[in-house]
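Down below is the structure, laid out as structure tokens.
The values are calculated or read from the model by the stated rules, or taken from the named source; none is laboratory data. Quantities reported herein were computed from a predicted structural model and do not represent experimental measurements. So basically every Cβ, Gly included, is an ideal-geometry build from the backbone, and we count neighbours across all protein chains shown. Just the protein is used for accessible areas: all its heavy atoms, side chains included, with ligands, DNA and RNA removed. Shrake-Rupley method; radii C 1.70, N 1.55, O 1.52, S 1.80 Å.
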Amino acid sequence: METAETMQIGKIVRISGAVVDIRFPEKEQAPSIKTACIARDIDNQKIVLEVMQHLSDGSVRTIALGNTNKLRRNQDAQNLGIPITIPVGKKLLGRLINVVGDPIDNLGELKTTQSRAIHQEPPQLYEERTHYQILETGLKAIDLFTPFVKGGKIGFFGGAGVGKTVLVTELINNLATKHKGVSLFAGVGERIREGNELYLELQRLKMLDRIGLCFGQMNEPPGTRFRIGLTGVTMGEAFREEGNDVLLFIDNIYRFVLAGMETSSLLGHIPSEGGYQATLSSEMGELQDRITSTLQGSLTSVQAIYVPADDFTDPGITATFPHLDSVVILSREVAEEGRYPAINLLASSSSLIAEEIVGRRHYDVVTKALRTLQHYEELKHIIAILGREELSEEDKKVVDRARKLQKFLTQPFFTTEQFTGKPGAYVPLKDTLDGVEAILNGNVDAVPEVNFYMVGDITEVSRK
């Protein structure tokens, strides 16, 4: 990241955790906001400092993207004169990098001459490609209720332990194997164990050489977790401008929000609602607006979003909703019933369920399925009080078909084969529509409900 240019040297005058103040000899030499500076600790380890604000005495306040324990006052800090810049290009595939683009997989230096600053403007409106192209995921519930499009964004919302990371990992497997494009993963503030497990899982599936990974994990300073999402997006933009269709997986967006809140607090900014930073919406937009399709290629994103205490009204969660095309709500109640993926089908939604986008047949099937599931929810209260036998024959059919539909939309995953013993299933959208239509039209009313659980297409139901 260092340049050959001779840049100004400042002195570190204050260190407070991840916040480092640097004073330059002349006020005019003070670097601009988002400029990167470099300091070396007593072990000669490089620490990148990003300028966050200017102080009245000509000093700058920076946030450290590394451990500051071994930094000392009066040490030199070099102004690089440019934002944080990372290596980009095909050499990143199969490699792990950190927030500043340094490899962390012990496989040697990245041999690439391409580089790109992590701070970029989003594409102009005239540069964006606006026609929709559905991207099949092979997951029945998602393809049916919350379709995925090139250049779009899909978010998986859920509390702890409902399967967000497993679902993201399964999508990496399905989309990276079926979709002829570039896949990237950004680990934002998650546990080191989860990053390690993902790396080993990709090795097991023999997919590691087709995906680039960047990590800023839970044990790292807030500045690292705050900027690692931009590192992932920057990697994707470089591939997109080369004409590729890029898939960017981000886990977890809520940790990005928390890192921004920590950074804002460390800098002494006055908090807003719920203790979050006042700049939450603009920071979310800075990340999300860059994820889109352009005339050169597409950048499509799958995002996991942790919901604290299962509270969907949390300001950190509501700031994410407007940027997503499809919202998938993962429910603890559904998970407790053993239905995986644990998607709350009625709470999930997509702006893409429109006849002109998904087609007449798909639109009609979704509408009929939602009507059936909603009617079943209303009948649940009657069943709980009076019992199923008090229902009319027509309502009994609705209950049976809704329960079979719920079971049919479960699915064995490739990434959980070693735990469940069931081989994974990839189900094309046409087969999903065939199966749901058969259930809703009563063609499989005679088949026991248990036969619909954890199967692929509808033909497997009759073979059980």
Give the residue that is modelled with the highest pLDDT, with candidates limited to residues of segment 151-164 that are open to solvent by 10 Å² or more (accessible area, probe 1.4 Å) and within 21 Å of VAL246 (Cβ to Cβ). LYS153
Residues in segment 260-280 that are loosely packed, with under 15 Cβ neighbours inside 10 Å and charged (D, E, K, R) total 1
Working only within segment 69-91, note down all residues that are modelled with pLDDT under 95 and within 21 Å of GLY189 (Cβ to Cβ). ASN69
Just to verify a result, which residue in segment 108-127, among those that are among the acidic types (Asp, Glu) and assigned to a loop (DSSP other than H, G, I, E, B), is farthest from VAL88 (Cα to Cα)? GLU121
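Quick test for you: out of PHE249, PHE239, pick the one residue that is buried (at least 23 other Cβ atoms within 10 Å of the Cβ) and either in a helix (DSSP H, G or I) or of a type in the set (Ser, Thr, Tyr) (or both).
Values: PHE249 fails: either in a helix (DSSP H, G or I) or of a type in the set (Ser, Thr, Tyr) (or both).
Of the residues listed, the single one that is buried (at least 23 other Cβ atoms within 10 Å of the Cβ) and either in a helix (DSSP H, G or I) or of a type in the set (Ser, Thr, Tyr) (or both) is PHE239.
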Subset of segment 322-354 (residues that are touching a residue at least 24 places away in the same chain (Cβ under 8 Å) and under 23 Å from GLY229 (Cα atoms)): HIS323, LEU324, ASP325, SER326, VAL327, VAL328, ILE329, LEU330
Considering (1) part of a helix (DSSP H, G or I); (2) more than 15 Å from ILE439 (Cα to Cα); (3) without any contact (Cβ under 8 Å) to a residue 60 or more places away in the chain, say which one ILE357 fails and leave the rest. (3)
Could you say whether any residue in segment 175-193 is without any contact (Cβ under 8 Å) to a residue 24 or more places away in the chain and part of a helix (DSSP H, G or I)? yes
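Every residue, every condition in (1) within 26 Å of VAL149 (Cβ to Cβ); (2) open to solvent by 40 Å² or more (accessible area, probe 1.4 Å); (3) touching a Lys or Arg at 6+ places or on another chain (Cβ under 7 Å), yes or no:
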residue	(1), (2), (3)
LEU391	no, no, no
GLU394	no, yes, no
GLY421	no, yes, no
LYS430	yes, yes, no
LEU433	yes, no, yes
PRO448	no, yes, no
ASN451	no, no, yes
Could you tell me which of the residues LEU139, LEU135, LEU175 is closer than 20 Å to LEU198 by Cα and either touching a Gly at 6+ places or on another chain (Cβ under 9 Å) or acidic (Asp, Glu) (or both)? LEU175
Options ASP105, ASP43, ASP21: the member that is surrounded by fewer than 22 Cβ atoms within 10 Å (Cβ to Cβ), of a type outside the set (S, T, N, Q), assigned to a strand (DSSP E or B) and in contact with a Lys or Arg (Cβ under 7 Å, 6 or more places away or on another chain): ASP21
Residue selected from segment 146-190 under the condition among the charged types (D, E, K, R) and under 13 Å from TYR306 (Cα atoms), by the criterion nearest to the chain's Cα centre (by Cα): LYS164
Of all residues making up segment 265-280, the number that are on the phi > 0 side of the Ramachandran plot and in contact (Cβ under 8 Å) with a residue 40 or more places away in the chain: 1
The conditions are (1) surrounded by 14 or more Cβ atoms within 10 Å (Cβ to Cβ); (2) touching a His at 6+ places or on another chain (Cβ under 9 Å), and GLU355 fails exactly one of them. Which is it? (1)
Given the structure, is LYS140 under 30 Å from PRO412 (Cα atoms), of a type in the set (Lys, Arg), open to solvent by 10 Å² or more (accessible area, probe 1.4 Å) and in contact with an Asp or Glu (Cβ under 9 Å, 6 or more places away or on another chain)? no
So is THR130 open to solvent by less than 70 Å² (accessible area, probe 1.4 Å), part of a loop (DSSP other than H, G, I, E, B) and either farther than 17 Å from LYS46 by Cα or of a type in the set (Gly, Ala, Ser) (or both) or not? no
Residues located in segment 65-102, provided they are more than 28 Å from the chain's Cα centre (by Cα), surrounded by fewer than 16 Cβ atoms within 10 Å (Cβ to Cβ) and not in a loop (DSSP other than H, G, I, E, B): ASP76
Conditions first: (1) of a type outside the set (Ser, Thr, Tyr); (2) open to solvent by 10 Å² or more (accessible area, probe 1.4 Å); (3) assigned to a helix (DSSP H, G or I). VAL233 passes all but one, so which condition is the exception? (2)
Being more than 18 Å from the chain's Cα centre (by Cα) and open to solvent by 10 Å² or more (accessible area, probe 1.4 Å) narrows it down to one of ARG227, ARG204, ARG255, so name that one. ARG204
Those residues of segment 286-302 which are touching a His at 6+ places or on another chain (Cβ under 9 Å) and either aliphatic (A, V, I, L, M) or open to solvent by 10 Å² or more (accessible area, probe 1.4 Å) (or both) amount to GLU286, LEU287, ASP289, ILE291
Let me confirm something: among VAL427, VAL436, VAL399, VAL358, which residue is modelled with pLDDT of 95 or more and under 28 Å from the mean Cα position of the chain (by Cα)? VAL427
Here the qualifying pairs (Cβ atoms under 8 Å; residues six or more apart or on different chains; first in segment 102-122 and without any contact (Cβ under 8 Å) to a residue 40 or more places away in the chain; second acidic (Asp, Glu) and loosely packed, with under 15 Cβ neighbours inside 10 Å) come out as PRO103/GLU109
